[in-house]
Protein chains: 2
Amino acid sequence: MQRTVQDVISAIIAGVPGAPFPETIDTLKTGAADQPVKSVAVTFMATYEVIEKAIELGVDLIITHEPTFYGHTDEIDWLEHDPIYQAKRRLIDEHHIAIWRFHDYLHSLQPDPTLTGLLKTLGWNTYALPDQPFVCQLPPRSLHELTLEIKAKLGGATVRVVGDPQMSCQRIGLLVGAWGGRMHISRFSNWSLDTLVCGEINEWETNEYVRDASAAEHPKALIVIGHSISEEDGMREVIPWLQARLPEMPITFIPTGHPLRSV
Amino acid sequence: MQRTVQDVISAIIAGVPGAPFPETIDTLKTGAADQPVKSVAVTFMATYEVIEKAIELGVDLIITHEPTFYGHTDEIDWLEHDPIYQAKRRLIDEHHIAIWRFHDYLHSLQPDPTLTGLLKTLGWNTYALPDQPFVCQLPPRSLHELTLEIKAKLGGATVRVVGDPQMSCQRIGLLVGAWGGRMHISRFSNWSLDTLVCGEINEWETNEYVRDASAAEHPKALIVIGHSISEEDGMREVIPWLQARLPEMPITFIPTGHPLRSV
């Protein structure tokens, strides 16, 4: 049976609790809904390199977690005359690549695959609280030890840290991606966290709250691991779920990799 | 003559082209407009530690560039029951510290003191284009050399980089703070930049544009130096301007320091 882009999207949405959502940024960004699909790739972000790899693999539909055109809503009017946008668009159009975003629906799955993926990478499955899986209760260790442990499990990635290195950490919240300061800061209270591990911050928000906490003698800690690092393993994790909904469809994972190097 | 908080604010606004602005987040965040002011401190951010230092110095008005309560608009309803907010609020109220934000008005000054401060720190005054001072035209150097040079001039701060280390950099845009992806990306074209040095990014925007640019064989580079690092020198730089408008008022600079350490 020849499947179309729409068939694939519909099969995914049918598996999401409460879907379809009246408002979502999970829309088709390139290509047409009635295009045939022979092969699917799943990725954190459809970068230029990921698209080249997809073409090489004969993929015609890329399922991406994050935007393709440098903004949350993938608006393109402001980019029309930009040479990088034009080159990327040309690559996509010449090879008839459909790109669909799988963000809001993905985070609605229970459990959220991005959390499952990060827990597996950190080896913390047994520490996650059954009724609050975003919270891990660990045997106490210093922030310094915790930082080195996380760094090692993330393959040596540079992480950014706030808090006293000697502070004892044991109740650790995980918030992948970029939830923003209000969510991060509220979770410290709501989840009684001493430590938050997150993907990305605005530098006038969460880190300043944690800096103030230490100064006010309510010690807290923050470890910022990078947005793509926090979610890429989750996109790999979702493939069996997708495969169960799309039997016989070849589904490949294409790694995006973290763009920033620390010097 | 006894000056009030309002006198100080009015003296500053009187010196800003086009001021007062009908909409601005430059408002009084704590204290009252009719409070007397004997001594002013200028800072990048009124953190808990900065406020403690201000109290020690006998300061009653802090002029801060960035927010005090962990969000751009300094809303506090969501923080009412938060112990860190409560502790900070107590410190402020017990010592009758007025805090006024100097952000939108500061960036409207010609030249923008945050740019002047960063140019001075980098030693690039002679490279800034007279009609486009946010653009520096440098003798060509590799991205690797440029990164090490900037890092050294910023006192060894860890910077985050995208782009081929061997790429030649010579037309460099400076955008302090957190202007966002649209501004960053548009400036690459509008200012014909090969390299952007900026304070802070959203990790699904500027860095991904630069990563795509390299892959699409239009090499570009990005150096992210940190929000507070990009603007703190500018807050020091504005003090003579303030002093000229507030003769006889003691004005002290209190450094905030960068909150994040890279491991």
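Note on segment B:108-196: with neighbouring protein chains present and a 1.4 Å probe, carbon and sulfur make up 55 percent of its accessible heavy-atom surface. Under 5 Å between amide hydrogens, built in the peptide plane, is the criterion, and for A:Cys169 it picks out A:Arg141, A:Ser142, A:Leu143 among residues at least 5 positions away or on other chains. Across the identical copies, the 7 Å label point of B:Arg90, projected outward along Cα→Cβ, sits 6.4 nm from its counterparts, in ascending order. Between this copy and the others, label points of B:Gln2 are 8.7 nm apart in ascending order, each placed 7 angstrom from Cα in the Cβ direction. Per-residue surface analysis assigns A:Glu200 an accessible area of about 10 Å², computed on protein heavy atoms at 1.4 Å probe radius.
Here chain A is assigned +1 on the Cβ of each Lys and Arg and -1 on the Cβ of each Asp and Glu. Its dipole about the Cα centre then comes out at about 680 debye.
Spatial offset of segment A:17-53 relative to segment B:48-71 amounts to 47 Å, using the alpha carbon center of each.
With label points defined 7 Å past Cα in the direction of Cβ, position B:Lys120 shows copy-to-copy spacings of 5.4 nm, given to one decimal and shortest first.
Considered as an equivalent ellipsoid built on the Cα gyration tensor, segment B:106-263 has semi-axes of 28, 17, 14 Å, the largest given first.
For the residues of A:87-94, the average number of beta carbons from a partner chain within 10 Å of their own beta carbon is 2. The distance linking segment B:210-247 with segment A:227-263 is 34 Å (Cα centroid to Cα centroid, whole angstrom). Averaging Cα coordinates gives a centre for segment B:184-198 and one for segment A:154-203; these two points are 32 Å apart.
Shielding by partners for peptide B:179-192, expressed as the average number of C-beta atoms from other protein chains within 10 Å of each residue's C-beta, is 2.
For the protein assembly as shown, the share of DSSP beta bridges that are antiparallel, to the nearest 5, is 45%. Just check segment B:72-175 against the gyration tensor rule for me: Cα atoms, a ≥ b ≥ c as the square roots of the eigenvalues, rounded for a/c under 1.5, and otherwise prolate or oblate depending on whether a/b exceeds b/c. Prolate is the answer for segment B:72-175, as a/c is 1.5 or above and a/b outweighs b/c. Counting alpha carbon pairs within less than 8 Å and at least 6 residues apart, what relative contact order, in whole percent, applies to segment A:15-70? Value for segment A:15-70: 35 percent. Pair-distance distribution P(r) for the protein assembly as shown, from all Cα-Cα distances in 20 Å bins starting at 0: 21, 51, 26, 2, 0 percent.
Given the alpha-carbon gyration tensor of segment B:145-230, what are the semi-axes of its equivalent ellipsoid in whole angstrom, ordered largest first, with each equal to the square root of 5 times an eigenvalue?
Here the semi-axes work out to 18, 15, 11 Å.
Take B:Cys169: with every protein chain present and a 1.4 Å probe, its accessible area is about 0 Å². Phi angles across segment A:26-43 convert, under the Karplus curve 6.51 cos²θ - 1.76 cosθ + 1.60 with θ = phi - 60°, into 3J(HN,Hα) values of 7, 10, 6, 9, 9, x, 10, 4, 8, 5, x, 10, 9, 7, 10, 10, 10, 8 Hz, Gly and Pro given as x. If you take all C-alpha pairs in segment A:194-263, what percent of them are over 19 Å apart? Tail fraction, whole percent: 54.
Surface burial for A against B, with a 1.4 Å probe and both sides summed, reaches about 5400 Å² of accessible area. A 1.4 Å probe run over the protein assembly as shown, with the rest of the protein chains in place, finds 39 Å² accessible per residue. Take the Kirkwood radius over Cα pairs of segment B:1-126, plug it into Stokes-Einstein at 10 °C and 1.306 mPa s, and you get 102 µm²/s for translational diffusion.
The values are calculated or read from the model by the stated rules, or taken from the named source; none is laboratory data. The shown structure was predicted, so the numbers you read here are calculated from the model rather than taken from an experiment. Glycine also receives a Cβ, built like all others from the backbone with ideal geometry; neighbour counts cover every protein chain displayed. These accessible areas exclude ligands, DNA and RNA; they are computed on the full protein's heavy atoms, side chains included. Shrake-Rupley method; radii C 1.70, N 1.55, O 1.52, S 1.80 Å.
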